[in-house]
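Okay, so here's the structure we're looking at.
The values are calculated or read from the model by the stated rules, or taken from the named source; none is laboratory data. Note that the structure is a prediction, hence the values are computed from the model and not measured. Cβ coordinates were reconstructed from backbone atoms using ideal geometry, including for glycine residues, and neighbour counts include every protein chain displayed. Side chains are part of the model used for accessible areas, which takes the heavy atoms of the whole protein and leaves out ligands, DNA and RNA. Shrake-Rupley method; radii C 1.70, N 1.55, O 1.52, S 1.80 Å.
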Amino acid sequence: MVMQTSLRESMNARSIGSPNCGETMVLAHGYGADQSAWDDVLPGLAAHYRVVVFDWSFSGAVKDPNFFDPDRYATYEGFASDLVGLIDEMGLESVVFVGHSMSGMVGCIASVKRPELFSRLVLVGASPRYMNSDDYEGGFGQSDIEDLMNNIETNFPNWAQAFAAMVVGGDQPSTAVEKFAGSLRRIRPEVALAVAKTVFYCDYRELLGKVSTPTTIVQTTRDVAVPTSVAYFIQEKIRGKSTVEIVDTDGHFPHLTAPNELLDVLGGVLGFEAN
């Protein structure tokens, strides 16, 4: 008899904080990262929530190399199914979902599929589309994305270091850059390429009109990967009540570069006092 590995085990899911804290918060990392990206904000959040963290299938922290299926994860729907499955498996409902970067849209998809599982979405540096078009500024031209794919394919280690410096922010502490670069380099190059295609060629702008869960859109003052206009585009298009909150830091990773400021923003939105 073949035993199926649980999603909780496959995704290295763990719960921090007292189950008696009340609400549950689920933190979902973005492309290239793993759950350690949340380390600096985790204690502050766990004082007020039962916090669940996990690793997506592409993460270098995932033990089973067969967990990542390029066909299943060719769209965000595969990730959304994993998220719903994990929440169900852990017996959770009405969670506060905090999704960074690609995980923001994954959470939106999951909330449309199963709205009862989510009380609030917090989208940190999220984008429904990264490629520019005539009527939309996504942040990247088509040639930029083609160059990115070529660099992943031909010189992954050098690309990982350069990409980390660019998106974390060149003026940010080297420890933050190295943390992301390290998690990015731990991903198998062929997996990094497959997920990069999923992310940078996605277009979920039409999905936003189906999202009814109350949503907070968190944006830094200068994010090279996601223009500020994208945050307001999401706010305009999303069906549910939504607000935009600005974290006063540069770069795509406020949880790495400005954890206290991010906690202050989350506390203000969710009604807790950050320590």
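It is to be established whether one or more residues within the stretch 222-231 are in contact with a Cys (Cβ under 9 Å, 6 or more places away or on another chain) and either of a type in the set (S, T, N, Q) or under 27 Å from Asp39 (Cβ atoms) (or both). It would help to see each step written out before you state the result.
As a first pass, look at the stretch 222-231 and keep what is in contact with a Cys (Cβ under 9 Å, 6 or more places away or on another chain): none.
No, there is no match, as no residue in the stretch 222-231 is in contact with a Cys (Cβ under 9 Å, 6 or more places away or on another chain) and either of a type in the set (S, T, N, Q) or under 27 Å from Asp39 (Cβ atoms) (or both).
Each residue in the stretch 163-174 was checked for being open to solvent by less than 60 Å² (accessible area, probe 1.4 Å) and either out of contact with any His (no Cβ under 8 Å at 6 or more places or on another chain) or of a type in the set (S, T, N, Q) (or both), and 4 of them qualify.
What number of residues in the stretch 69-91 are in contact with a helix residue (DSSP H, G or I) (Cβ under 7 Å, 6 or more places away or on another chain) and closer than 19 Å to Val53 by Cβ?
Initially, the stretch 69-91 is screened for residues in contact with a helix residue (DSSP H, G or I) (Cβ under 7 Å, 6 or more places away or on another chain), giving 70, 72-80, 82-87, 89-90.
From what is left, the residues that are closer than 19 Å to Val53 by Cβ are 79-80, 82-87, 89-90.
The number of residues fulfilling the criteria is 10.
Considering Val112, Val167, the condition of being in contact (Cβ under 8 Å) with a residue 40 or more places away in the chain and within 15 Å of the chain's Cα centre (by Cα) is satisfied by Val167 alone.
In the stretch 38-76, which residues are open to solvent by 30 Å² or more (accessible area, probe 1.4 Å) and touching a Gly at 6+ places or on another chain (Cβ under 6 Å)? Once the filter is applied, which keeps residues that are open to solvent by 30 Å² or more (accessible area, probe 1.4 Å) and touching a Gly at 6+ places or on another chain (Cβ under 6 Å), the stretch 38-76 yields Arg50, Arg72.
In the set (1) closer than 24 Å to Tyr136 by Cα; (2) surrounded by 22 or more Cβ atoms within 10 Å (Cβ to Cβ), the condition left unmet by Val177 is number (1).
I'd like to check something: does the stretch 45-60 contain any residue that is part of a helix (DSSP H, G or I), touching a residue at least 12 places away in the same chain (Cβ under 8 Å) and of a type outside the set (Asp, Glu)? Yes, that holds for at least one residue. Taking the listed residues Ser6, Ser18, the one that is surrounded by fewer than 16 Cβ atoms within 10 Å (Cβ to Cβ) and in contact (Cβ under 8 Å) with a residue 60 or more places away in the chain is Ser6, with no other qualifying.
On the basis of being modelled with pLDDT of 95 or more, surrounded by fewer than 16 Cβ atoms within 10 Å (Cβ to Cβ), more than 20 Å from Thr216 (Cα to Cα) and touching a Leu at 6+ places or on another chain (Cβ under 9 Å), does Asp88 make the cut? Break it down into steps so the answer makes sense when it comes.
Details: modelled with pLDDT of 95 or more: yes; surrounded by fewer than 16 Cβ atoms within 10 Å (Cβ to Cβ): yes; more than 20 Å from Thr216 (Cα to Cα): yes; touching a Leu at 6+ places or on another chain (Cβ under 9 Å): yes.
For Asp88, the condition - modelled with pLDDT of 95 or more, surrounded by fewer than 16 Cβ atoms within 10 Å (Cβ to Cβ), more than 20 Å from Thr216 (Cα to Cα) and touching a Leu at 6+ places or on another chain (Cβ under 9 Å) - is met.
Would you kindly identify the helices (runs of 4 or more DSSP H) lying entirely within the stretch 193-275 that contain at least 3 residues that are in contact (Cβ under 8 Å) with a residue 60 or more places away in the chain, more than 30 Å from Ile152 (Cβ to Cβ) and open to solvent by less than 60 Å² (accessible area, probe 1.4 Å)?
Numbers: elements: 228-237, 254-257, 259-270.
Correct list: 259-270.
Does Arg114 qualify as being closer than 30 Å to Ile87 by Cα, in contact with a strand residue (DSSP E or B) (Cβ under 9 Å, 6 or more places away or on another chain), open to solvent by 20 Å² or more (accessible area, probe 1.4 Å) and at pLDDT 95 or above? Talk me through it step by step, then tell me what you get.
Details: closer than 30 Å to Ile87 by Cα: yes; in contact with a strand residue (DSSP E or B) (Cβ under 9 Å, 6 or more places away or on another chain): no; open to solvent by 20 Å² or more (accessible area, probe 1.4 Å): yes; at pLDDT 95 or above: yes.
When the stated conditions are applied, Arg114 does not pass them.
Being among the charged types (D, E, K, R), outside any helix (DSSP H, G or I) and over 20 Å from Pro189 (Cα atoms) is the requirement here; does Glu77 meet it? Give the derivation first.
Values: among the charged types (D, E, K, R): yes; outside any helix (DSSP H, G or I): no; over 20 Å from Pro189 (Cα atoms): yes.
No.
Out of the residues in the stretch 126-153 that are small (Gly, Ala, Ser) and more than 18 Å from the chain's Cα centre (by Cα), state the one that is most open to solvent (accessible area, probe 1.4 Å).
If we take residues in the stretch 126-153 being small (Gly, Ala, Ser) and more than 18 Å from the chain's Cα centre (by Cα), then Ser143 is most open to solvent (accessible area, probe 1.4 Å).
Of all residues in the stretch 196-253 being within 21 Å of Gln142 (Cα to Cα) and polar (S, T, N, Q), which is nearest to the chain's Cα centre (by Cα)? Out of the qualifying residues, it is Thr198.
Among the numbered conditions (1) touching a residue at least 12 places away in the same chain (Cβ under 8 Å); (2) open to solvent by less than 20 Å² (accessible area, probe 1.4 Å), the only one that Gly182 does not meet is (1).
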